[in-house]
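Participant: Have a look at this one before I ask anything.
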Amino acid sequence: MDEIGVKGAREVIDQKCPIGVFDSGVGGISTLRTLAKMLPLEDFIFYGDSANAPYGEKTSEQVYELTQHAVEQLRARNVKAIVIACNTATSAAKPELMKRYPDIPFLGIEPALKLAVDSGKKNILVLATPLTLSLDKFRRQVARFSDQATIHPLPCPGLAALIERGPAGLPSIEHYLDELFKPLHDTEKPLDGVVLGCTHYPFIADVIEKHLGSHAEMFTGFEGLGRYLTKQLVDRGLLRTQTFGGPLAPTQQVEFLSSNNTAEELSLYRSLFERGFSAS
Ligand code: DGL
């Protein structure tokens, strides 16, 4: 990957431009899988900052610094919108990024608590990074819904770092979840909803379910995000209504970039995109 670090003028942005998606690392690929399915005519460029993951145990200031670099890599590749496929970076840095780069539409993601409450769930576990759960954005969400449901925020320090290893990290993930969920087994009311409030976690949703010992429904905000992205592109006249490569061209291009610029890392990204954790 060529590193590009300057904030210069942008070329003309039109429907043909790709959509940028970034995360601290592999997590955003779970979001990207949904977006790429929902928007099959669009091309995507994914940037994972795996060299600096995890973000969830850093300060908001550190996360903002790192996200600027990620945005500049995507911006220099002429993306028409940027999806911050990271709950932590959205909470810690989205307003500042919008101010710094007013020429790009930004979309973010937050723990799908509203979706869980709107689906009638009453006893909801929210799994997310320590930083996401400590910030005002999440506190405001809890205040908004706490009269409708009992909400149990559970920070998962270190879990995103294990998921960064891909399927090779599974034995350590199993052990981690066993320890993490032990105190929950004594709770009286059974959980009926689990919010996966970090984009790394959907890759291990089945492992989480197994260790929780519960069939509580799991929630992510990916489909809502896909609908909102579609609307933002329509409103700006930027949604593709045709492919641009000619009849024989593959319909959708998805390019992967990583701050850990190694062949192994990029092949892990591609494999997680195509097969998820089932590659093990
Ligand atoms: N995937 C990210 C999120 O949604 C952050 C994980 C991390 O880097 O700690 O919060």
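Participant: Please arrange TYR101, TYR55, TYR176 by how many other C-beta atoms lie within 10 Å of their C-beta, fewest to most.
Facilitator: Ordered from fewest to most neighbouring Cβ atoms within 10 Å, TYR101, TYR55, TYR176 come out as TYR101, TYR176, TYR55.
Participant: Taking R0 as 45 Å, what FRET efficiency do you get between ARG236 and THR150 from their Cβ-Cβ distance, rounded to the nearest 0.05?
Facilitator: 0.65
Participant: Can you show me the helix-derived [θ] at 222 nm for the chain, built from DSSP H runs with n ≥ 4 at -39,500 (n - 2.57) apiece and divided by the number of residues, rounded to the nearest 500.
Facilitator: Counting only the DSSP helices, I get -12000 deg cm²/dmol.
Participant: If you build the convex hull over the alpha carbons only and average its shadow over all orientations, what do you get for segment 169-236? Give it in nm² to one decimal.
Facilitator: 5.8
Participant: Treating the angle as unsigned and between 0 and 90°, give the value, to the nearest 10°, between the Cα long axis of helix 263-275 and the longest Cα principal axis of the chain.
Facilitator: 70
Participant: Hey, another quick one. At a Förster distance of 25 Å, what's the computed FRET efficiency of MET38 paired with ARG100, Cβ-Cβ distance as r, to 0.05?
Facilitator: Given R0 = 25 Å and the Cβ-Cβ separation, E is 0.35.
Participant: Counting pairs of Cα atoms in segment 44-88, how many percent are more than 11 Å apart?
Facilitator: Considering segment 44-88, 68 percent of its Cα-Cα pairs are separated by more than 11 Å.
Participant: Which length gain, in nm to one decimal place, applies between GLU274 and SER172 when the Cα-Cα distance is subtracted from 0.36 nm times their residue separation?
Facilitator: Extra length from GLU274 to SER172 when fully extended: 34.4 nm.
Participant: Turning to a different aspect of this structure: Translational diffusion coefficient, Stokes-Einstein: compute it for the chain using the Kirkwood radius over C-alpha pairs as Rh, at 4 °C and 1.567 mPa s, and state it as an integer in µm² s⁻¹.
Facilitator: The diffusion coefficient I find is 67 µm²/s.
Participant: To one decimal place, what orientation-averaged projected area in nm² is obtained for the convex hull of the Cα set of segment 98-198?
Facilitator: Answer in nm², one decimal: 8.4.
Participant: Out of segment 182-242, which GluC sites (Glu not before Pro) are coil in DSSP terms and have no more than 14 other C-beta atoms within 10 Å?
Facilitator: The qualifying sites are GLU188.
Participant: How charged is the neighbourhood of ARG240? Take every other residue with its Cβ under 14 Å from the Cβ of ARG240, and add Lys/Arg as +1 and Asp/Glu as -1.
Facilitator: It works out to a net charge of 0.
Participant: What angle, in degrees between 0 and 90 and rounded to the nearest 10, separates the Cα long axis of helix 28-38 from the longest principal axis of the Cα atoms of the chain?
Facilitator: Taking the Cα atoms of the chain, the angle to 28-38 is about 70 degrees.
Participant: Hey, another quick one. Trypsin sites (Lys or Arg not before Pro), restricted to segment 158-234: which are DSSP loop and have at most 15 other Cβ atoms within 10 Å?
Facilitator: Those that pass, being in a loop and sparsely packed, are ARG165.
Participant: Continuing with the same structure: Going down the list LYS37/LYS231; LYS94/LYS121; LYS16/LYS94; LYS37/LYS114; LYS94/LYS122, which pairs span over 18 Å between their C-alpha atoms?
Facilitator: Listed pairs above 18 Å: LYS94/LYS121; LYS16/LYS94; LYS37/LYS114; LYS94/LYS122.
Participant: Sticking with this structure for a sec: Just to confirm the number: angle between the C-alpha axis of helix 60-75 and the first principal axis of the chain, 0 to 90 degrees, nearest 10?
Facilitator: The helix 60-75 is inclined about 30 degrees to the chain.
Participant: So, one more: Cα centroid distance between segment 17-44 and segment 167-196, in Å?
Facilitator: So the two Cα centres are separated by 27 Å.
Participant: Moving on to the next point. For SER267 and GLN252, calculate 0.36 nm times their separation in residues minus their Cα-Cα distance, and state this gained length in nm to one decimal.
Facilitator: Computed gain between SER267 and GLN252 is 3.6 nm.
Any read-out appearing in this document is the output of simple, stated calculations on the displayed coordinates, not a laboratory observation. Predicted, not measured: the structure shown is a model, and the values here were computed from it. Heads up, the Cβs are rebuilt from the backbone with ideal geometry, glycines too, and the neighbour counts pull from every protein chain shown.
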